[in-house]
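Here's the structure we're looking at; comments come further down.
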Amino acid sequence: MFTSTGSSGLYKAPLSKSLLLVPSALSLLLALLLPHCQKFFVYDLQAVKNDFQIWRLICGRIICLDLKDTFCSSLLIYNFRIFERRFGSRKFASFLLGSWVLSALFDFILVETMQYSFGITAASNLPSGFLAPVFALFVPFYCSIPRVQVAQILGPLSITNKTLIYILGLQLFTSGSYIWIVAISGLISGMCYDSKMFEVHQVLCIPSCVAKFFSWTLEPIFSSSEPTSEVRIGMGATVDIQRQQRMELLDRQLMLSQFAQGRRQRQQQGGMISWNRLFPPLRQRQNINYQDGQQSEQQASPPLEVSEEQVARLMEMGFSRGDALEALRASNNDLNVATNFLLQH
């Protein structure tokens, strides 16, 4: 249903997998077995300011002490794993590092502003955990992931492929008294890093030697194999509907494999790929009479008109106009299918 965030599990997302497993395991360990050690992971800016406990800026911003925050942030990280596939692990890690460092500065600014303007002291009550980078990821999610309507309810209101993610973010935003401070600082830091303001993306980045070291040591541990499971067919469907669903599934699998092969040929030889030469559009294939195997598709269909709005959405995600045009033509203007092609390969 929510295909814009990918459908291949944690394949090609080792950093996202490590962020899901390690902090969650440590949160459970502290909550169930070592509750007396939780005081060392409290995000207390008052202690940082008055007692110079600088280590709290690291320990207090890695592990969530609230299991509800752990659960919500883990779900969001899982859905944001698409950015690691798109940018690569090094650039994704640089974004997380940059937003994590910048958000600590904005936390101080917001807390001091509250205390100076309204007399509210919140420096010792901020929620702990890897929350600010999670909120920072909403910036590229809003800007670069296309909004595709899934269902329409109550007239103008509609459910899109991004609705569930925003609901999870709202749930995390309202889970504590002062978590909105961390959320706002995360959003601001995400905008600063994503817009390349003050060249922070060049200063706060992962060096190539460090990236190679972790790729050599940790990536084999957290890497996931390519999924090969087949999509389940809905129960209760008629024979014709099941047959059509299977044909659509085979069409998509065929196009994915042929698209990957075409991309490899393009990288080796250069030039534009003739996608319609590799495989026909979906509508043309779906109109085949399944019971009559003698019908053929010898007549070439006229060139399909592509929506410029959908091309613009794909170009906003960083893909070239040529790839966007050919992907939309091959998928018969199906933005979901075209997005999956370009994001998963």
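The values are calculated or read from the model by the stated rules, or taken from the named source; none is laboratory data. Here the structure is a predicted model, which is why all the values come from computation and not from measurement. With ideal geometry, Cβ positions are generated from the backbone for all residues, glycine too; neighbour counts draw on all protein chains shown. With ligands, DNA and RNA removed, areas are computed over all heavy atoms of the protein, side chains included. Shrake-Rupley method; radii C 1.70, N 1.55, O 1.52, S 1.80 Å.
A few remarks follow.
- Residue check, Phe118 open to solvent by 40 Å² or more (accessible area, probe 1.4 Å), free of Cβ contacts under 8 Å to residues at least 40 places away in the same chain, within 17 Å of the chain's Cα centre (by Cα) and at negative phi: no
- Which numbered condition Phe108 misses (of (1) open to solvent by less than 40 Å² (accessible area, probe 1.4 Å); (2) modelled with pLDDT of 90 or more; (3) not hydroxyl-bearing (Ser, Thr, Tyr)): (1)
- In the range 167-181, the count of residues that are open to solvent by 20 Å² or more (accessible area, probe 1.4 Å), part of a helix (DSSP H, G or I) and under 24 Å from Lys12 (Cα atoms) is one or more.
- Candidates are the residues of the range 128-163 that are part of a loop (DSSP other than H, G, I, E, B) and farther than 21 Å from Tyr78 by Cα; the one that is most open to solvent (accessible area, probe 1.4 Å) is Leu154.
- Any helices (runs of 4 or more DSSP H) falling wholly within the range 1-104 and containing at least 2 residues that are farther than 19 Å from Tyr193 by Cβ, at pLDDT 90 or above and open to solvent by less than 30 Å² (accessible area, probe 1.4 Å): 14-32, 45-50, 67-79
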